[in-house]
Amino acid sequence: MKGEQYLTKPGDFARVHELSRWVNGGVLGIKSCANNLPLSRYGFIVSKRVGGAVVRNQVKRRLREVMRQIELKPGMDIIISARPQAVLAEFSALQGTVLSVLAKVGLLIR
């Protein structure tokens, strides 16, 4: 995964928050909007309600691995927000949830 695929700047996160709505997936939520770039970028929000730093980083690592395996439509910015239940979810369940929510929004390449 390349660094250019990440949303890192606060302005990018703010733009996605303003221009889109949440799609709930149970253990996570997703927001997305167009970015006029030839690639899709994504970022993660894992709040302190999920757990301590070690737990939050574990959830982010698992989500990064799920996103690494997925082929997304180009030109979108995506924010994935983990809920506290994401800690207890197995990797396959987390992967299935991400795939189903991205398919619901129409961001997957079939």
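Any chance you could count how many residues in region 48-74 are under 14 Å from V27 (Cβ atoms) and assigned to a loop (DSSP other than H, G, I, E, B)?
Matching residues across region 48-74 total 3.
Within region 19-38, is there a residue that is exposed (fewer than 15 other Cβ atoms within 10 Å of the Cβ) and part of a helix (DSSP H, G or I)?
yes
Which condition number does A53 fail, the rest of (1) within 24 Å of G75 (Cβ to Cβ); (2) without any contact (Cβ under 8 Å) to a residue 12 or more places away in the chain being met?
(1)
Would you please name the residue that is surrounded by the most Cβ atoms within 10 Å (Cβ to Cβ), looking only at residues in region 65-109 that are within 20 Å of Q5 (Cβ to Cβ) and basic (K, R)?
K73
Residue by residue through region 34-69, note down the ones that are within 18 Å of G106 (Cα to Cα), among the aliphatic types (A, V, I, L, M) and over 11 Å from the mean Cα position of the chain (by Cα).
A34, L37, L39 - these are the residues of region 34-69 that are within 18 Å of G106 (Cα to Cα), among the aliphatic types (A, V, I, L, M) and over 11 Å from the mean Cα position of the chain (by Cα).
Looking at (1) touching a residue at least 60 places away in the same chain (Cβ under 8 Å); (2) crowded, with 19+ Cβ neighbours inside 10 Å; (3) under 20 Å from T97 (Cα atoms), can you tell me which one V16 breaks?
Of the numbered conditions (1) touching a residue at least 60 places away in the same chain (Cβ under 8 Å); (2) crowded, with 19+ Cβ neighbours inside 10 Å; (3) under 20 Å from T97 (Cα atoms), the odd one out for V16 is (3).
A short reminder: the numbers here are calculations on the coordinates, not readings from a lab. Owing to the predicted nature of the structure, the values given are computational and were not obtained by experimental measurement. For neighbour counting, all protein chains shown are included, and Cβ atoms are generated from backbone atoms with ideal geometry for every residue, glycine included.
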